[in-house]
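Contents: one structure, followed by commentary.
The values are calculated or read from the model by the stated rules, or taken from the named source; none is laboratory data. Values in this document were obtained by computation on a predicted structure and should not be read as measured data. Backbone-built Cβ (ideal geometry, glycine too); neighbour counts: all protein chains shown.
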Amino acid sequence: MKTVLLAGGFGTRISEESIFKPKPLVEIGGMPILWHIMKSYSYYGHNDVIICAGYKQHAIKEWFADYFLNCSDVTFDYRDKEEKIIIHDCHTEQWRVTVVDTGLNTMTGGRIKRIQKYVGNEPFMMTYGDGVCDVDINKLIEYHKSHGKIATLTAVLQDQSKGVLDIGGDNAVKSFREKKISDGAPINAGFMVFNPEVFDYIEGDNTVLEREPLENLAKDGQLMSYMHRGFWQCMDNVREKDMLEKLLQAGKAPWKKWED
């Protein structure tokens, strides 16, 4: 099952960093948060990734182009007046990464629509390129398969300004809307699973995933929630970046399940 990562936004709320690089390449613990998210999926055996790039998309492509050499022991041999590159030990993950330029101003739903041809007619996972979580990805997939609906999102109970979910007793999402200050409800943490029918709910580049598509899926009884009571944190600003950095430095990063 492929994993789709939304990594095309401007990252204006963390402009101190995003003026130089796309937000998914902002580092915590010396590695981009995008790398941390991919490592989380890889831990559960999911290594086929499609990245929806946009703002400074060339930087994401360049990062992956350099990743193989940066993770290898390499000999550069020029003795015969030609360059020979000898790879000795390579420590990269078993990733297959497709980076797609989904446009500079394309909305979240539109970015997903643009990578439809790379996903094909099969279920896929999707999350945002700026949030880490310790959710069990394989249990999330099992839950999605068990209910037979088009979409599953991971819901967490945190005080954040994200989309609010009205969840029924059967875990079906009854409605989806933007959060109000007075709310104390589950929020959409991303880490979603979609059947390919989700593309029918997205019109084009101007479609915001978190509005009409998710709202209409909820109205049609096709949006389910997977309740996660563990750790989740997005990196919207420098304060949240510093918090994640401190967790890593203290060896208390819940999302980091892999070995160094």
Return the residue satisfying two criteria in turn: it lies in the range 149-190 and is over 16 Å from Asn216 (Cα atoms) and among the polar types (S, T, N, Q), and of such residues it is modelled with the lowest pLDDT. Ser182
With the first residue restricted to the range 224-252 and required to be under 26 Å from Gly11 (Cα atoms), and the second required to be among the charged types (D, E, K, R) and modelled with pLDDT of 95 or more, Cβ contacts under 6 Å at 6 or more apart or on different chains are Gly230/Asp134; Phe231/Asp134; Cys234/Asp130; Met235/Asp130; Met235/Lys241
Within the range 1-26, residues assigned to a helix (DSSP H, G or I), polar (S, T, N, Q) and touching a Phe, Trp or Tyr at 6+ places or on another chain (Cβ under 7 Å) come out as Ser18
Please enumerate the residues belonging to the range 62-104 that are within 22 Å of the chain's Cα centre (by Cα) and among the β-branched types (Val, Ile, Thr). Thr92, Val97, Thr98, Val99, Val100, Thr102
Could you please let me know if Ile37 is modelled with pLDDT of 95 or more, surrounded by 15 or more Cβ atoms within 10 Å (Cβ to Cβ), part of a helix (DSSP H, G or I) and aliphatic (A, V, I, L, M)? yes
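Quickly run through the range 54-69 and pick out the residues that are closer than 30 Å to Lys139 by Cβ and out of contact with any Leu (no Cβ under 9 Å at 6 or more places or on another chain). Don't jump to the end; show me each part of the working.
As a first pass, look at the range 54-69 and keep what is closer than 30 Å to Lys139 by Cβ: 60, 64, 67.
Correct list: Phe64, Tyr67.
Hey, can you tell me all the residues within the range 41-59 that are hydrophobic (A, V, I, L, M, F, W, C) and under 14 Å from the mean Cα position of the chain (by Cα)? Spell out how you get there, then give the answer.
Filtering the range 41-59 for residues hydrophobic (A, V, I, L, M, F, W, C) gives 49-53, 59.
Scanning the range 41-59 gives Val49, Ile50, Ile51, Cys52, Ala53.
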